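The structure appears below as structure tokens.
The values are calculated or read from the model by the stated rules, or taken from the named source; none is laboratory data. Computed from a predicted model, the values in this text were never measured in an experiment. Every residue, glycine as well, gets a Cβ built from its backbone with ideal geometry; the counts of neighbours run over all protein chains shown. Side chains are part of the model used for accessible areas, which takes the heavy atoms of the whole protein and leaves out ligands, DNA and RNA. Shrake-Rupley method; radii C 1.70, N 1.55, O 1.52, S 1.80 Å.
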Amino acid sequence: MAKPVSIEVWNPNGKYRVVSTKPMPGTRWINLLIEQDCRVEICTQKKTILSVEDIIALIGERCDGVIGQLTEDWGETLFSALSRAGGKAFSNMAVGYNNVDVSAANKYGVAVGNTPGVLTETTAELAASLSVAAARRIVEADEFMRAGLYDGWLPHLFVGNLLKGQTVGVIGAGRIGSAYARMMIEGFKMNLIYYDLYQATRLEKFVTAYGEFLKANGEQPVTWRRAASMDEVLREADVISLHPILDKTTFHLINKESLATMKKEAILVNCSRGPVVDEVALVEHLRQNPMFRVGLDVFEDEPYMKPGLSDMKNAIVVPHIASASKWTREGMATLAALNVLGKIKGYPVWSDANRVEPFLNENAPPPAACPSIVNAKALSLPVSRL
Ligand SMILES: NC(=O)C1=CN([C@@H]2O[C@H](COP(=O)(O)OP(=O)(O)OC[C@H]3O[C@@H](n4cnc5c(N)ncnc54)[C@H](O)[C@@H]3O)[C@@H](O)[C@H]2O)C=CC1
Ligand SMILES: O=C(O)C(=O)CO
């Protein structure tokens, strides 16, 4: 028997029943659903990670669509429950969807939405912040200050790394990886080396043009190189930031062997997914190499850290907050709600999930389309020509 869950109901007489497994930032997403005749039920249970059983109870006997979170396990059990309840739409409030078994969704004909684009710059900004914080030992210095240990300026106090002229390495130069690269190149005049399965043409063009601009102004130009292997990036870069999706090819991409190929004073940043890094190997590497530093937003077994990580002075750890700006989180809620609404209303799928701005304009009604459905092709959903 499923346990009862507490919910808040908006527009109780709405024709379509849409469930959100968490309260989400802003009110636009609720208003957009209500305007289109949805009854919105928001789970207010005081429990951070809902179990499959909790979500089955939320879905109930009739449910048209669900907005869920990256902490939930959306597999066969939940998609079959949603399908039994008449639901045809699910959206993660996240761009990453490694918590979703898309083939199970396909089997039950459920569209799976995600929220790309709106979090690109916010996430890249946190990766850049962690890079700088690690290079300049900001967290260690802050702790030192608060502990009352500062008794005057010293030549050796918290000496860190200068970023200018060093090499930034990006693994996974997609939306976020490319935005991060631009920040580090424009902001700190770093040279780029990147590894991705695909060529990041726009990023390459940007670095070339920026390099020419610097040269024309009598400054040292920045350079770029696409590496043929990830190891090249690990060997050559001074700061390495991880931005791939999490799948079988990226699980433990960074492990004991790959850590050993990195420079002793390198900085590693992870704002992708925890399991991209073998965290046990990382803790050991941090212990053996005190000048090696990391900035981590994500962890292998969230919400936990592997033993020893929290004791490491050369690690900065923050609780999966890379997309946590108000604008982004409200935008993510809007995109997730519009994915579900669009499928319920039979709208086509937006033709370019990288250009979601029209859905985020608060002064105009959103396009009649689903902003981003990852299994649109598998379900043969029509594509918007707008
Ligand atoms: N920490 C956080 O709060 C956030 C984390 N993320 C994570 O970041 C990921 C990336 O997001 P976007 O940049 O929007 O996605 P994206 O799809 O634009 O970029 C991912 C890139 O990874 C590359 N890639 C895939 N497999 C690879 C491999 N084996 N080796 C090297 N590169 C590989 C792809 O070709 C692609 O260019 C998400 O899937 C999510 O897991 C996203 C937003 C916030
Ligand atoms: O969107 C994602 O994938 C996140 O991790 C949270 O923003």
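Structure notes:
- Amide H contacts of residue 39 (H built 1.01 Å from N, in plane; Pro and chain starts excluded): 14, 15, 16, 17, 18 sit under 5 Å, all sequence-distant by 5 or more or on other chains.
- Environment charge at residue 370 (Cβ cut-off 15 Å; Lys +1, Arg +1, Asp -1, Glu -1): +4
- Relative to the current alpha-carbon distance between residue 291 and residue 52, full extension at 0.36 nm per residue lengthens the span by 81.8 nm.
- Around residue 14: net Lys/Arg minus Asp/Glu count, Cβ-Cβ under 12 Å: -1
- The accessible surface of the chain, taken with every protein chain in place and a 1.4 Å probe, is 55 percent carbon and sulfur.
- For residue 264, a cut-off of 17 angstrom between C-alpha atoms picks up these aspartates and glutamates, skipping any fewer than 8 places away in its own chain: 231, 232, 236, 238, 284.
- Rounded to 5, percent antiparallel among DSSP beta bridges of the chain: 10 percent
- The label point for residue 208 and the one for residue 61, both projected 7 Å from the Cα toward the Cβ, are 6.4 nm apart.
- Here the Karplus relation 6.51 cos²θ - 1.76 cosθ + 1.60, evaluated at θ = phi - 60°, turns the backbone of segment 219-226 into coupling constants of 9, 5, x, 7, 10, 9, 8, 8 Hz, with x for every Gly and Pro.
- Selected from 293, 28, 202 as most flexible by GNM, with the chain as the system and alpha-carbon contacts under 10 Å: 202
- Within the chain, helix-based [θ] at 222 nm, where runs of 4 or more DSSP H residues each add -39,500 (n - 2.57), nearest 500: -10000 deg cm²/dmol
- Ranked by how many other beta carbons lie within 10 Å on average, peptides 113-120, 210-217, 349-356 from highest: 113-120, 349-356, 210-217
- Whole-angstrom gap from segment 92-114 to segment 148-174, using each part's C-alpha centre: 40 Å
- ³J(HN,Hα) computed for each position of segment 87-100 - Karplus, 6.51 cos²θ - 1.76 cosθ + 1.60, integer Hz, glycine/proline x: x, 10, 9, 9, 9, 6, 8, 5, 7, x, 9, 5, 7, 10
- Accessible surface computed residue by residue for segment 120-317, with neighbouring protein chains in place and a 1.4 Å probe, gives 51 Å² per residue.
- Computed FRET value (nearest 0.05) for residue 144 with residue 284, which takes r as the C-beta separation and R₀ as 25 Å: 0.45
- Packing here is the average count of other Cβ atoms within 10 Å per residue, and on that basis the peptides 360-367, 234-241, 374-381, highest first, run 234-241, 374-381, 360-367.
- Where Cα atoms sit under 23 Å apart: lysine pairs in segment 81-210 separated by 8 or more or lying on different chains: 4
- Reported value for segment 120-317: 127 Å³ per residue, from the convex hull of its C-alpha atoms.
- Sequence-distant residues sharing a close amide H with residue 240 (under 5 Å, placed H): 169, 267, 268, 269
- Once the Cβ-Cβ distance of residue 158 and residue 310 is raised to the sixth power relative to R0 = 22 Å, the FRET efficiency obtained is 0.60.
- Phi angles across segment 260-268 convert, under the Karplus curve 6.51 cos²θ - 1.76 cosθ + 1.60 with θ = phi - 60°, into 3J(HN,Hα) values of 5, 7, 7, 4, 4, 10, 6, 10, 10 Hz, Gly and Pro given as x.
- Alpha-carbon centroids, segment 30-66 and segment 279-321: separation in whole Å: 35 Å
- Amide H contacts of residue 317 (H built 1.01 Å from N, under 5 Å, at least 5 apart or other chain): 296
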